[in-house]
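A.B. asks: Structure in structure tokens, see below.
The values are calculated or read from the model by the stated rules, or taken from the named source; none is laboratory data. Since we're looking at a predicted model, the values are computed, not measured. Positions of Cβ are backbone-derived with ideal geometry, glycine not excepted, and every protein chain shown enters the neighbour counts. Note: accessible area is taken over every heavy atom of the protein model, side chains too, but ligands, DNA and RNA are not part of it. Shrake-Rupley method; radii C 1.70, N 1.55, O 1.52, S 1.80 Å.
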Amino acid sequence: MLGGAAALLAGAAALAPVPAVAAPGAQAPPTHTVLVGAPGLAWSDIDRAVTPTLAQVARDGAVGSMTVRAVRSRSCAVDGWLTLSAGRRAADTAGAGCGEPAPVTDGTVPGWDRYVTAAGDQSYGAVPGTLGQALADAGQCVETVGPGAAVAGADLGGRVAHHLAEIPTDPGCAVTLVDAGTLPADGPARTRALRSLDALVERVLRTRGPDTRLVVAGVGDGVSAIAPRALVVSGPPAGVVTSSSTRQPGLVQLQDLTATLLATSGADPGDVTGRPVTVVADDGSGAARVEDRVGFERRATTMRAVAPQVTGWLAALFTAWAVVVALLSWRGRPRPAALLAAGVAVATVPVSTFVANLVPWWRLDSAGPVFLSALAVAVGLTTWLALVVGRRLDLGALRAVAVVTLVVLGGDVLLGSGLQLASVFGQNPVVGGRFYGLGNTSFALYGLAALVVVQWVGATRRLPRRWAVALAGGVLLLAVALEAHPSLGADFGGPPGLLLGGLLVLAAAAGVRVTPLRALVAVGVAAGLAVGVALADWLRPPQSRTHLGEFVQTVLDGGAGEVVARKLAQNLANLGSPALIAMALAAGLVALTLWRSAWRPGPAGTIVLRGALVLSAVGFAVNDSGLVIPAYVAVVLAPLLLADRAAREGGEELRWPRGGAAGSHSSSLPASPSPPTRGT
């Protein structure tokens with residue numbers, strides 16, 4: 001649904017930055033924008049029965065879903081208006097509740113000083129009043145109707161020079177902001193509010209001039225269920241909206257509207273984090289576009305509800321598996337085949353959550369059960385593949401899962417990250433932290449898979465050793481390049497760990513000893529890679545930068561401390577995650593069990609394990625959700641290594657030593673009759 005972003009963006013028609021003089025025969029761009037904000041407005045609210053006018057505008061114009069996350073998980077009405085004002089994430093103080101903005105008093109927004117102080121304490125660099133001040137500095141003005149609109153249109157001092165009681169029929173400013181009121185949570189009151197909103201939209205359409213563009217947006221969650229919000233832009237052109245901040249057709253951020261209003265008015269966008277909205281031209285049915293947005297809303301809200309359950313069950317299953325393995329080892333009993341197969345199934349769950357998104361389950365009403373069914377099928381098929389390959393190749397189960405992971409995640413990144421958007425372990429459009437590329441969990445899976453394949457290629461006996469090592473080095477470089485590229489993987493913290501872990505694997509394949517000097521040089525190269533990619537992104541035009549280049553600019557502006565503090569706080573918060581803690585403790589229990597049993601994963605497995613330890617340690621140290629990386633590496637690696645060892649030896653038991661040396665190792669179970677021939 002969201003794949004192929006690059007191809008679609010190539011044909012995008014600009015909604016915001018437009019030439020000052022239209023080409024001969026072309027329609028003159030609008031010079032006046034009316035933005036009607038209704039916190040809580042979702043695509044599931046818009047239909048011909050309740051909102052006929054708005055539904056028609058949506059079918060004839062451009063549509064999109066909008067991420068409105070401000071500072072906290074719920075973006076209250078005032079938080080949305082403050083974010084629109086600042087062009088960055090902003091919110092009222094935590095103890096202010098989730099009420100409505102107060103009416104304007106004597107031309108000034110009440111509580112403005114509190115808003116400014118709160119924004120300064122929230123470490124997002126937000127400055128309320130940016131929109132109104134930038135328009136004034138450009139010789140433009142903004143008209144506001146309603147208290148929320150006044151918050152968005154005020155200048156740096158909280159003053160609103162053109163605050164009106166009604167929508168003007170003859171606008172005198174380039175921008176008119178209208179607060180249509182926050183939608184009630186549900187029930188008849190919401191229906192009445194939606195009808196009132198539709199009547200307001202009809203009135204704007206009836207009285208607007210030919211050079212006016214209407215934008216209707218759910219600027220915040222308000223008191224409604226947290227979800228992506230609806231964004232409707234009157235046409236022409238017709239299509240779906242996007243921006244360079246998301247790079248996803250049909251999805252923008254709330255702060256993108258700030259950048260759009262500034263760009264259409266000829267004002268300096270300053271350092272807002274939003275990017276001007278554009279329209280991806282679409283000759284298809286308007287009804288189909290709307291239905292697609294409804295489906296995306298269903299997908300995002302379903303993932304928000306299901307993701308904690310899947311994560312919790314994964315942690316519980318991995319912990320239970322680890323405990324059973326430890327108990328059997330302590331009692332000196334063999335591990336049954338069912339336990340090994342269960343471990344393989346647990347290890348395939350993370351990548352299977354992305355595979356399940358190949359099925360458009362969000363188009364059905366019972367989206368949650370359908371997704372869980374698709375996930376179960378994906379886990380079953382991937383487990384079957386791993387077990388079959390595991391009987392024929394050394395590290396076969398691990399290698400099979402690694403190849404599936406590289407194909408799924410690597411291919412998804414190349415096609416626009418559509419599988420990861422609104423997924424259990426991918427990007428969450430409600431949170432809005434990332435919209436494309438590889439996040440921390442995806443990196444843990446992708447990085448481990450890359451190390452496995454690099455070791456596999458480097459150890460092949462089908463080529464001379466030097467050619468095998470060279471080919472493995474090429475695989476590593478491609479994997480790192482895909483992850484580090486600002487427009488693809490867009491990952492700053494992942495490439496150093498992947499590169500260092502990969503170099504360790506390559507050294508083993510080449511028979512090169514790792515000395516302290518060589519290790520130091522490798523660390524320097526990895527650090528230089530991360531800095532170089534960020535600097536290269538920063539050298540691009542500001543509107544083309546990703547979060548890598550923006551971080552460099554933040555450092556130059558003296559805001560690095562705030563960013564680092566926020567990321568450190570996120571890392572500390574993860575230390576309190578029950579699921580991550582359970583995974584980490586279970587991984588430690590497995591490691592202790594194997595160490596006490598003097599278990600070794602075999603030469604190839606040992607090399608992969610060492611590389612994975614380096615990847616996990618570096619990933620933990622430099623990422624804002626660092627504990628995620630070692631936890632998910634362990635969930636995948638530990639069961640698959642154990643399954644491989646048992647498959648190679650026809651079964652195996654692990655025993656904790658009793659009265660003997662700590663390194664004693666039990667004998668293997670009898671091999672199954674006529675074991676299959678195994679390859680490398």
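A.B. asks: If I filter the stretch 227-240 down to residues being on the phi < 0 side of the Ramachandran plot and part of a strand (DSSP E or B), which single residue comes out as most open to solvent (accessible area, probe 1.4 Å)?
C.D. replies: Val240
A.B. asks: Regarding Phe435, is this residue at pLDDT below 95 and closer than 15 Å to Leu478 by Cα?
C.D. replies: On the way: at pLDDT below 95: yes; closer than 15 Å to Leu478 by Cα: no.
Spelling it out, it is not the case that Phe435 is at pLDDT below 95 and closer than 15 Å to Leu478 by Cα.
A.B. asks: Farther than 18 Å from Leu254 by Cβ and either without any contact (Cβ under 8 Å) to a residue 40 or more places away in the chain or not aliphatic (A, V, I, L, M) (or both): does that describe Thr144? Spell out how you get there, then give the answer.
C.D. replies: Working: farther than 18 Å from Leu254 by Cβ: no; either without any contact (Cβ under 8 Å) to a residue 40 or more places away in the chain or not aliphatic (A, V, I, L, M) (or both): yes.
It is false that Thr144 is farther than 18 Å from Leu254 by Cβ and either without any contact (Cβ under 8 Å) to a residue 40 or more places away in the chain or not aliphatic (A, V, I, L, M) (or both).
A.B. asks: Is it the case that some residue within the stretch 454-463 is over 28 Å from Val525 (Cβ atoms) and either open to solvent by 10 Å² or more (accessible area, probe 1.4 Å) or of a type in the set (Ser, Thr, Tyr) (or both)?
C.D. replies: Of all residues in the stretch 454-463, those over 28 Å from Val525 (Cβ atoms) come to 461-462.
If we keep only those that are either open to solvent by 10 Å² or more (accessible area, probe 1.4 Å) or of a type in the set (Ser, Thr, Tyr) (or both) too, we end up with 461-462.
Yes, the stretch 454-463 contains at least one residue that is over 28 Å from Val525 (Cβ atoms) and either open to solvent by 10 Å² or more (accessible area, probe 1.4 Å) or of a type in the set (Ser, Thr, Tyr) (or both).
A.B. asks: If I ask for residues that are assigned to a loop (DSSP other than H, G, I, E, B), open to solvent by 10 Å² or more (accessible area, probe 1.4 Å) and closer than 15 Å to Met66 by Cα, which ones from the stretch 250-272 would you list?
C.D. replies: none
A.B. asks: Check off (1) buried (at least 24 other Cβ atoms within 10 Å of the Cβ); (2) in contact (Cβ under 8 Å) with a residue 40 or more places away in the chain for Ala400 and give me the number that stays unchecked.
C.D. replies: All conditions pass for Ala400, except number (2).
A.B. asks: Scan the stretch 43-83 residue by residue and report those that are open to solvent by less than 10 Å² (accessible area, probe 1.4 Å), touching a Lys or Arg at 6+ places or on another chain (Cβ under 6 Å) and not hydroxyl-bearing (Ser, Thr, Tyr).
C.D. replies: Answer for the stretch 43-83, where residues must be open to solvent by less than 10 Å² (accessible area, probe 1.4 Å), touching a Lys or Arg at 6+ places or on another chain (Cβ under 6 Å) and not hydroxyl-bearing (Ser, Thr, Tyr): Trp43, Ala55, Val63, Met66, Val68, Ala70.
A.B. asks: Among the residues of the stretch 51-93, which ones are assigned to a helix (DSSP H, G or I) and over 22 Å from Thr130 (Cα atoms)? Step through it out loud before you land on a result.
C.D. replies: Initial filter on the stretch 51-93 (assigned to a helix (DSSP H, G or I)): 52-60, 77-86.
Listed by number, the residues that qualify are Pro52, Thr53, Leu54, Ala55, Gln56, Val57, Ala58, Arg59, Asp60.
A.B. asks: Now for a separate question. Considering each residue of the stretch 187-226, count those that are open to solvent by 10 Å² or more (accessible area, probe 1.4 Å) and at positive phi, and give that number.
C.D. replies: Qualifying residue count for the region: 1.
A.B. asks: Then there's this: Checking Leu156 against (1) touching a residue at least 60 places away in the same chain (Cβ under 8 Å); (2) open to solvent by 20 Å² or more (accessible area, probe 1.4 Å), which single condition isn't satisfied?
C.D. replies: Condition (1) is where Leu156 drops out.
A.B. asks: Specify the residue that is surrounded by the most Cβ atoms within 10 Å (Cβ to Cβ); the eligible residues are those in the stretch 283-306 that are of a type in the set (Gly, Ala, Ser) and closer than 20 Å to Ala58 by Cα.
C.D. replies: Residues of the stretch 283-306 of a type in the set (Gly, Ala, Ser): 284-288, 295, 300, 305.
Those left that are additionally closer than 20 Å to Ala58 by Cα: 284-288, 295.
Working: Gly284: 11, Ser285: 11, Gly286: 20, Ala287: 12, Ala288: 10, Gly295: 18.
Filtering first and then ranking leaves Gly286.
A.B. asks: Let me ask another. Any residue at all in the stretch 51-73 that's among the hydroxyl-bearing types (Ser, Thr, Tyr), under 24 Å from Arg298 (Cα atoms), under 26 Å from the mean Cα position of the chain (by Cα) and modelled with pLDDT under 95?
C.D. replies: Let us first name the residues in the stretch 51-73 that are among the hydroxyl-bearing types (Ser, Thr, Tyr), namely 51, 53, 65, 67, 73.
Narrowing further to those that are under 24 Å from Arg298 (Cα atoms): 51, 53, 65, 67, 73.
The next check asks that each one be under 26 Å from the mean Cα position of the chain (by Cα); those that pass are 65, 67, 73.
Restricting the remaining residues to those that are modelled with pLDDT under 95 gives 73.
Within the stretch 51-73, one or more residues are among the hydroxyl-bearing types (Ser, Thr, Tyr), under 24 Å from Arg298 (Cα atoms), under 26 Å from the mean Cα position of the chain (by Cα) and modelled with pLDDT under 95.
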